[in-house]
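Everything below concerns the one structure shown next.
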Amino acid sequence: MSKTYKIIYYILLIAILAWLLPWLYNLATLKRWSTPFTLYSEIIEDFAMINVNYDEKASRFIDRKGNSYTETQFDSILPMFYYRQLVTDNKLPDTIRGTHVTSSIIRRENFIFRSRPSEINMHHPGLYPLLESRSKRVDLVMPEDVFRLTKNGIEFIDMEVNQVNREKSALFQSVFIQKEVAFPVQTIAGNPTNRKEYDEGYLFTDNDGKLFHLKQVQGRPFLRPIPIDPEINISRIWVTELSNRKYFAFLTDANNHFYALTAPDYNLVNIDIPPFKPEKESMTIFGNMFTWTVVQSNNTDEIVTAVDAKTLAAIDSMTFCNPEKDKIGTASYLFPLQLSFTSTVDKFFYPRLKAFSCHALVLNLVLLVLYVVLCRKNKFSAMYLFKAVAVAVLGIFAFIPALLLKQ
Amino acid sequence: MIKAILYKEWIKTRYLFLLLAIILVAFTAYCQLRIGKVVSLRGAAHLWEILLTRDHTFHETMRYVPLFSGILLALFQFVPEMQQKRLKLCLHLPLPQSRIMGTMLGFGVNLLMALFVATYLIIGLYLYHVLAPELISRILLTMLPWFVAGFAGYAFVAFTVLEPTWRRRLLNVLAGVAFIRIFYLSSYAEAYNQVIVWLLIITLALVGFSFLSVSRFKDGVQ
């Protein structure tokens, strides 16, 4: 039994080192990769960016062509973003691109939309508060109940008494049946908070892929089927609830196309940007009444697309690439593999192995020779052979425990 | 003979068992008082809202209590054996070495299991009246890695205490710290759901590391 445990202990030490050594190495050598803060300027009709130089601790205000601006000039070429500063400096123009603007119009039309993979790749308890979307009060109020979607329907639970509200459940269930919702529901999204201007409830797709809009209006269910092209297979939904009330939601389909669902007419409009994978990429949209600057980023690239706010067609785009992305780092020569358990793109814990690095084989062979020399007085055994093979394949991770457990 | 070994283990650990039971009940009661306070001051809806929108379980205070329990139990069970060289006598009993050690380790694991299951039952029964099953399972699953860490603490402390040499003890401590660390790497709710069963199986298997230490002890490794 002790022989088996000797092997298990050796494997455990290898696993611990495969996790800790690359982690320590990355901690010591981690380089900051940041992209300039970039927005599309309606004035110069090009991308304008703030390039932060961390060595000089100074910011450079430039456009894509390389023209430099002072901070005040930069405010003026991005009036929709810096309108509050321009109002304070009394420099906000009355008209931009032929359209009359005021600070209140700009405030109403501006929005920032964010999606992060870590907000998607996580466990959700499957309970949803449904706010009253047309209450007679100015402020929204959190409800006293939540609903759950079961295999066959919808159920409301009164939170104070922790019991199913059968009357309300039956009322909503009858509407779901009337509108021919195919259970179980596949994807559902909403913003269950009272810290917003108004409530649009939830959007969901049923088992047949049909899209629905669910709200609570004066205590009654509002459920509307949304006709969309049956070819479009909706995979992810974000209810927007923007101040300008022009859109119900943003959506992606199985082919990673990105759409906006317009309000109040429920038109699904394709937004002309590169494919967006919300489970792996982050997205930020800085929107205003003229253009949207859509920023899609992952660990290696950042794509910035300017989109016309009226037609949602692409105007221009640019890409920032991490200069280190194709380089073979020193870690590849040191470690044949890297083990980690957590990630910035999800909220799950599980072992993740980085692909085997053939570049580490040279070091592995050197360590193997060293191991054979250091243990030359040891009797040849199956355990000795096992450790030698482990050193040849797993390099430093197997070499250190092999020496530590030499006895 | 087995009964006699079990009785010996019980004599060694009975007061600690009582102490650990009191500690676990006290921490559980404290967490429940916090939940009760939120419900009485802000209403049950507020409690549900926090659980739905944040990675908060109201049981974070218990995070290291199972680990502490596992470590203490292993120390109380095996330090006297090593200090007074009683282990040598134990190993001379007319039973296979693996059976003797298996009984001692099994006793410890079962004692911890009893404490942890009782704690889980108390928490689950209390929450049953306040929360929906989805939220109860969210809390219990988020807490589960902390309880598995209790078994890991027991396994590695037993492994270290029974080890005859200081050099290897240091290695065992470092390996134990690294292994136990993985149970506290993520604080997100239900983060460990995909692997927690595997972690529990691996951890219970690692309790057997003590056989390695005893084998070295018997071989007279100095």
Report summary line: Of the candidates A:SER34, A:SER115, the one satisfying the condition of being buried (at least 18 other Cβ atoms within 10 Å of the Cβ) and either closer than 30 Å to A:GLY329 by Cα or away from chain B (no Cβ under 14 Å) (or both) is A:SER115
Query raised in the report: Limited to the stretch B:95-115, what total is found for residues that are assigned to a helix (DSSP H, G or I) and more than 14 Å from chain A (Cβ to nearest Cβ)?
Result: 12
Report summary line: Going through the stretch B:191-214 in order, the residues found to be facing chain A (nearest Cβ under 7 Å) and farther than 12 Å from A:TYR350 by Cα are B:GLY208, B:PHE209, B:PHE211, B:LEU212
Query raised in the report: Pick from B:PHE78, B:PHE68: which is away from chain A (no Cβ under 14 Å) and either surrounded by fewer than 17 Cβ atoms within 10 Å (Cβ to Cβ) or out of contact with any Leu (no Cβ under 8 Å at 6 or more places or on another chain) (or both)?
Result: B:PHE68
Query raised in the report: Pairs under 6 Å by beta carbon, first residue facing another protein chain (nearest Cβ under 7 Å) and farther than 10 Å from A:ALA398 by Cα in the stretch A:1-19, partner crowded, with 18+ Cβ neighbours inside 10 Å and modelled with pLDDT under 95, six or more apart or different chains?
Result: A:MET1/B:PHE211; A:SER2/B:PHE211; A:SER2/B:LEU212; A:SER2/B:SER215; A:TYR5/B:GLY208; A:TYR5/B:PHE209; A:TYR5/B:PHE211; A:TYR5/B:LEU212
Requested in this report: Answer yes or no as to whether B:LEU174 is farther than 30 Å from B:ILE50 by Cβ, at the interface with chain A (Cβ under 9 Å from one of its Cβ atoms) and out of contact with any Asp or Glu (no Cβ under 7 Å at 6 or more places or on another chain).
Outcome: yes
Query - Residues (among the acidic types (Asp, Glu) and either crowded, with 20+ Cβ neighbours inside 10 Å or under 29 Å from the mean Cα position of the chain (by Cα) (or both)) located in the stretch A:56-89 - result: A:ASP63, A:ASP75
Query raised in the report: Looking at A:LYS325, is it under 30 Å from A:ARG116 (Cα atoms), modelled with pLDDT under 90 and surrounded by 13 or more Cβ atoms within 10 Å (Cβ to Cβ)?
Result: no
Query - Filter result for B:ARG181 (facing chain A (nearest Cβ under 10 Å) and in contact (Cβ under 8 Å) with a residue 12 or more places away in the chain) - result: no
Query - Of the criteria (1) over 15 Å from A:LEU12 (Cβ atoms); (2) surrounded by 21 or more Cβ atoms within 10 Å (Cβ to Cβ); (3) more than 8 Å from chain A (Cβ to nearest Cβ), which one B:ALA132 fails - result: (3)
Query raised in the report: Quick one: which of A:PHE147, A:PHE172, A:PHE156, A:PHE176 is within 14 Å of chain B (Cβ to nearest Cβ), more than 30 Å from B:SER187 (Cβ to Cβ) and buried (at least 19 other Cβ atoms within 10 Å of the Cβ)?
Result: A:PHE156
Query raised in the report: Any residue at all in the stretch B:149-160 that is within 11 Å of chain A (Cβ to nearest Cβ) and more than 18 Å from the chain's Cα centre (by Cα)?
Result: no
Query raised in the report: Within the stretch A:341-351, is even one residue more than 14 Å from chain B (Cβ to nearest Cβ), touching a residue at least 12 places away in the same chain (Cβ under 8 Å), surrounded by 15 or more Cβ atoms within 10 Å (Cβ to Cβ) and in contact with a Pro (Cβ under 8 Å, 6 or more places away or on another chain)?
Result: no
Query raised in the report: Given the residues B:ILE11, B:ILE5, which is the only one that is within 30 Å of B:LYS218 (Cα to Cα), in contact with a Leu (Cβ under 9 Å, 6 or more places away or on another chain) and either polar (S, T, N, Q) or at pLDDT below 95 (or both)?
Result: B:ILE5
Report task. Kindly indicate whether any position in the stretch A:254-277 is among the hydrophobic types (A, V, I, L, M, F, W, C), closer than 22 Å to A:LEU149 by Cβ and in contact (Cβ under 8 Å) with a residue 12 or more places away in the chain. Result -> yes
Report task. Would you mind telling me which numbered condition in (1) more than 14 Å from every other protein chain (Cβ to nearest Cβ); (2) β-branched (Val, Ile, Thr); (3) assigned to a helix (DSSP H, G or I) A:VAL52 fails? Result -> (3)
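The values are calculated or read from the model by the stated rules, or taken from the named source; none is laboratory data. From a predicted model like this one, the values you see are computed outputs, not experimental measurements. Ideal geometry is used to build each Cβ from the backbone, glycine not excepted, and the neighbour counts take in all protein chains shown.
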